[in-house]
1. Looking at region 38-57, can you tell me whether even one residue there is free of Cβ contacts under 8 Å to residues at least 24 places away in the same chain, loosely packed, with under 15 Cβ neighbours inside 10 Å and within 16 Å of the ligand (Cβ to nearest atom)?
2. Go through (1) touching a residue at least 60 places away in the same chain (Cβ under 8 Å); (2) among the small types (Gly, Ala, Ser); (3) out of contact with any His (no Cβ under 8 Å at 6 or more places or on another chain); (4) in a helix (DSSP H, G or I) for residue 262 and report which single condition fails.
3. Given the conditions (1) within 16 Å of the ligand (Cβ to nearest atom); (2) surrounded by fewer than 19 Cβ atoms within 10 Å (Cβ to Cβ); (3) within 28 Å of residue 91 (Cβ to Cβ), report the number of the one that residue 143 does not fulfil.
4. Filter region 27-37 down to the residues that are under 14 Å from residue 278 (Cβ atoms) and more than 9 Å from the ligand (Cβ to nearest atom) and list them by number.
5. When only residues in region 262-290 that are within 11 Å of the ligand (Cβ to nearest atom) and among the polar types (S, T, N, Q) count, which is farthest from residue 164 (Cα to Cα)?
6. Among the residues of region 295-317, what is the count of those that are closer than 29 Å to residue 146 by Cα and surrounded by fewer than 19 Cβ atoms within 10 Å (Cβ to Cβ)?
7. Output the number of residues of region 116-157 satisfying the condition of being assigned to a helix (DSSP H, G or I) and either at pLDDT below 95 or of a type in the set (A, V, I, L, M, F, W, C) (or both).
8. Would you mind stating whether residue 158 is in contact with a Cys (Cβ under 8 Å, 6 or more places away or on another chain) and within 14 Å of the ligand (Cβ to nearest atom)?
Amino acid sequence: MTRRSVVRGTGHYLPERIVANAFFEQSTDTSDEWIRTRTGIERRHFAAEGQTTSDLGLRAAQAALERAGLTADDIDAVIVATSTPDLTFPSVATMIQSGLGMKRGFAYDIQAVCAGFVYALANADAMLRAGLADRLLVIGAETFSRILDFTDRATCVLFGDGAGAVILEAQTGTGDNSDRGILSVDLNSNGDYRDLLYVDGGVATTGTSGHLRMQGNSVFRHAVEKLAATAHHALDLAGLTSDQVDWLVPHQANMRIIEATAKRMGLPMDKVVLTVADHGNTSAASIPLAMSVADAQGRFKPGDILVAEAIGGGLAWGSVVLRW
Ligand code: ACO
């Protein structure tokens, strides 16, 4: 008998304000055409003034609980992946715990930038398997609009705000890959690449939150190579092959990266969940947002094999294979 982390429900929340590509033509030398063709992004959501990452994460968590027919009393722990917390501390997760009215359990944040949700899923799976919790809320929530330099056309057009939540529940499986739930995880990082993608401020350096800086084309090359490799490795660990994959749920950074990864995996694009056009890159929120949107559309069927993969600042990258 094996404890498996099975998806019990998903939910998401996007801020009301939708920002079209044309918005950036006012402040930088860019165009809707460039952004669409180079990234696949058409629009993104930006949080309202005063609206924080925990506000977005709370709304996503409430949506997931409602869809799963559960209440906050049914949840043992909250894990939030974010790089844009409301405050340096306490964690966004404890703020969401309080917002949900949870009086027990535990909550904490994980920071692995755009790979954050994959890391959080892996961490939640370890918690459930170790018996430290039976039902967990795993949330990706971000307000990247707050760390963008709106004069830097190479970065400001790429990102958006939002939150997604997944409820994982411990269920008993047989231990082979016919089980529902998380079947394998592959995590990687290499801090030697930290200058490729970083924020130029922080508590112990400038005392400010800083702005995002990225060498986009270097990150692009790493992404194309590393995402397919991590997905293949996780599939190997699960004893599965690419042709058994029903859905790729990729980090939504750039349509060209997603297409290149799908091609390397031998997957047709109709097996890829795409939200990048409408959401832009929402960093740690992008995978749970995409998962929740596709779930709400009824696209995943029980028994389907999903692969989620992401890469971001660090560099940190990884993937999770799960059976729906
Ligand atoms: N509008 C118009 N021109 C632009 C823009 C823009 N918004 N941005 C860059 N350009 C220009 C550049 O200045 C450059 O001009 P030059 O040739 O005169 O120097 C030209 O376009 C080509 O620039 P590249 O950077 O080579 O363009 P590329 O095709 O690589 O696309 C992009 C840039 C979209 C950033 C791409 O490299 C990318 O998606 N990179 C990866 C992003 C990513 O996946 N990040 C990881 C996750 S993010 C996280 O962890 C927070």
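The values are calculated or read from the model by the stated rules, or taken from the named source; none is laboratory data. Bear in mind that the values here come from a model prediction, so they are computed numbers and not experimental data. Backbone-built Cβ (ideal geometry, glycine too); neighbour counts: all protein chains shown.
1. No: zero hits.
2. Condition not satisfied by residue 262: (1).
3. The failed condition is (2).
4. If we filter region 27-37 for residues that are under 14 Å from residue 278 (Cβ atoms), which is where we start, we get 35-36.
Across region 27-37, the qualifying residue is only 36.
5. The residue in question is 281.
6. Looking only at that region, the number is 1.
7. 13
8. Numbers: in contact with a Cys (Cβ under 8 Å, 6 or more places away or on another chain): no; within 14 Å of the ligand (Cβ to nearest atom): yes.
The answer is no for residue 158.
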